[in-house]
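Below is one structure; the comments refer to it alone.
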Amino acid sequence: MLALMCLCLLLGSTAASSVQSRVSSFAGEYGAGGGTAFSFSPEQVKGPITGLRVRENPSHIVGIQLQYGDVWGPYYGNPSGTLHEVLLHRKENITQVSGKVASYVNDLIFVTSLGRIFTFGQPSGTSFNDFPLYDGTFLRYVSGRYSSVIHSIGFHWDTQPNCVYIGKGSK
């Protein structure tokens, strides 16, 4: 009986992992690397991305922060430079990210499910274009490496989790 239960659990977790692998996508990081690793992965359980804060200097992206639900995640990067803040509309998701990289991340362009486009940084370097591989998925979190600038950045695409954190004041 115990062996049968273990087999059922094993098969169930294998099936769940198989389903997960068909909707998640990640193409890797864009940029040269170096610096300290960062990831917004722990914040994604608080809900969908609802806002972006991107800081730039005249040449590079120097910092990034994401809002999930009504909670801002940690800020990664340098506190100097010009700060831009964008709040997404209800049920709006990020569906594509393009940009340019050289030694650092120089330019980021976010496109949303409502057709809005947000551009940060300077358009110089090698171009990249990242988007989800599967229908019904969108940007769940960002990872990369930083110091005084963002050295590299990667985008993780997935569906909305079944359980999300509802912050105080949410309806």
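Overview of results
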item: Some residue of the range 101-109 being surrounded by fewer than 20 Cβ atoms within 10 Å (Cβ to Cβ) and not in a loop (DSSP other than H, G, I, E, B); result: yes
item: Test: Val54 is in contact with a His (Cβ under 7 Å, 6 or more places away or on another chain) and open to solvent by less than 10 Å² (accessible area, probe 1.4 Å); result: yes
item: Enumeration of residues in the range 72-86 that are open to solvent by 70 Å² or more (accessible area, probe 1.4 Å) and in contact with a Leu (Cβ under 8 Å, 6 or more places away or on another chain); result: Glu85
item: Hits in the range 110-140 - residues which are open to solvent by 10 Å² or more (accessible area, probe 1.4 Å), in a strand (DSSP E or B) and within 16 Å of Trp157 (Cβ to Cβ); result: Val111, Phe128, Asn129, Phe138
item: Qualifying position, being modelled with pLDDT of 90 or more and over 21 Å from the mean Cα position of the chain (by Cα), among Pro48, Pro42, Pro58; result: Pro58
item: Cross-chain or 6+ apart pairs with Cβ under 8 Å, the range 111-134 first and aliphatic (A, V, I, L, M), then open to solvent by 50 Å² or more (accessible area, probe 1.4 Å) and at pLDDT 95 or above; result: Val111/Gln96; Val111/Ile117; Leu114/His89
item: Looking only at the range 121-171, and only at residues there that are among the hydroxyl-bearing types (Ser, Thr, Tyr), under 18 Å from Gly73 (Cα atoms) and modelled with pLDDT of 95 or more, the one that is farthest from the chain's Cα centre (by Cα); result: Ser147
item: First in the range 71-87 and under 28 Å from Leu114 (Cα atoms), second anywhere and open to solvent by 50 Å² or more (accessible area, probe 1.4 Å) and not in a strand (DSSP E or B), Cβ under 7 Å, 6 or more apart; result: Val71/Lys46
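Results for (1) modelled with pLDDT under 95; (2) under 18 Å from the mean Cα position of the chain (by Cα); (3) over 22 Å from Leu133 (Cα atoms); (4) open to solvent by 70 Å² or more (accessible area, probe 1.4 Å), shown as yes or no for each residue.
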| position | (1), (2), (3), (4) |
| --- | --- |
| Gly33 | yes, yes, yes, no |
| Phe38 | no, yes, yes, no |
| Gln67 | no, yes, yes, no |
| Thr95 | no, yes, no, no |
| Gly99 | no, yes, no, no |
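The values are calculated or read from the model by the stated rules, or taken from the named source; none is laboratory data. Bear in mind the structure is a predicted one, so any value in this text is a computation, not a measurement. Glycine also receives a Cβ, built like all others from the backbone with ideal geometry; neighbour counts cover every protein chain displayed. Ligands, DNA and RNA are excluded from the accessible area calculation, which covers all protein heavy atoms including side chains. Shrake-Rupley method; radii C 1.70, N 1.55, O 1.52, S 1.80 Å.
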